[in-house]
Amino acid sequence: MTKILFIEHDGTEHPVNAEDGAILMRVGQANFIPTIRGECGGTCSCGSCHVYVDPEWLPKLKPPHELEQMMIDSLELTKRDNSRLTCMILVTPEIDGMVLRLLDPNL
């Protein structure tokens, strides 16, 4: 199992165990992680699974696919350099311990 730490905007931590090969958005939903809604069902067309990957973990991920980058670019109010969509991140042993920060749900 791969450990992932989701941290809410207020500092509340949600450590979860994820099976390798799972889609991170589905892991978040299964663990009732706030703000990981996945309204489009994981088709990279809504941005409702947007997170901030702690910068030290970005090199361990594949770069965003063009479609993911376009969706992130459309999130003008919340987009940052470390923005990613969890529907596009596959759980692998390389991301064991990864830290993801969640958006403020009031934005």
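The values are calculated or read from the model by the stated rules, or taken from the named source; none is laboratory data. Since we're looking at a predicted model, the values are computed, not measured. Here the Cβ positions follow ideal geometry from the backbone for every residue, glycine too, while neighbour counts run over all protein chains shown. Keep in mind that these areas ignore ligands, DNA and RNA; they rest on the heavy atoms of the full protein, side chains included. Shrake-Rupley method; radii C 1.70, N 1.55, O 1.52, S 1.80 Å.
Take 73-84, 22-33 and order them by the average number of nearby Cβ atoms within 10 Å per residue, most first; the result is 22-33, 73-84. Each distinct pair of alpha carbons in the chain adds a 1/r term; the inverse of their mean, the Kirkwood radius, is 13.5 Å.
Over the chain, what is the percentage of antiparallel beta bridges among all DSSP beta bridges, to the nearest 5? That works out to approximately 75 percent antiparallel. Under conditions of 20 °C and 1.002 mPa s, region 41-83 yields 196 µm² s⁻¹ as its translational diffusion coefficient, taking Rh as the Kirkwood radius over Cα pairs in the Stokes-Einstein equation. With a ≥ b ≥ c taken as the square roots of the eigenvalues of the C-alpha gyration tensor of region 1-63, please select rounded if a/c is under 1.5 and otherwise prolate if a/b is larger than b/c or oblate if it is not? Judged from the Cα gyration tensor, region 1-63 comes out rounded (a/c under 1.5). When only the Cβ of Lys, Arg, Asp and Glu is charged (+1, +1, -1, -1), the dipole of the chain relative to its Cα centre reaches about 140 debye.
Out of Thr35, Leu24, His14, whose Cα points farthest toward the positive end of the dipole of the chain (charges: +1 Lys, Arg; -1 Asp, Glu; placed on Cβ)? Of the listed residues, the answer is Leu24. What's the carbon and sulfur percent of region 34-79's accessible surface, probe 1.4 angstrom, rounded to a whole number? Within region 34-79, the accessible surface is 56 percent carbon and sulfur.
Applying 0.36 nm per residue to the separation of Glu13 and Thr78 and subtracting their alpha-carbon distance, the gain on full extension is 21.4 nm. Using every pair of separate Cα atoms, the Kirkwood estimate puts the hydrodynamic radius of region 59-105 at 11.9 angstrom. Backbone N atoms of region 87-107 closer than 14 Å to the 7 Å Cα→Cβ label point of Arg37 belong to residues 103-107. Solvent-accessible surface of the chain, taken per residue with a 1.4 Å probe and all protein chains present: 57 Å².
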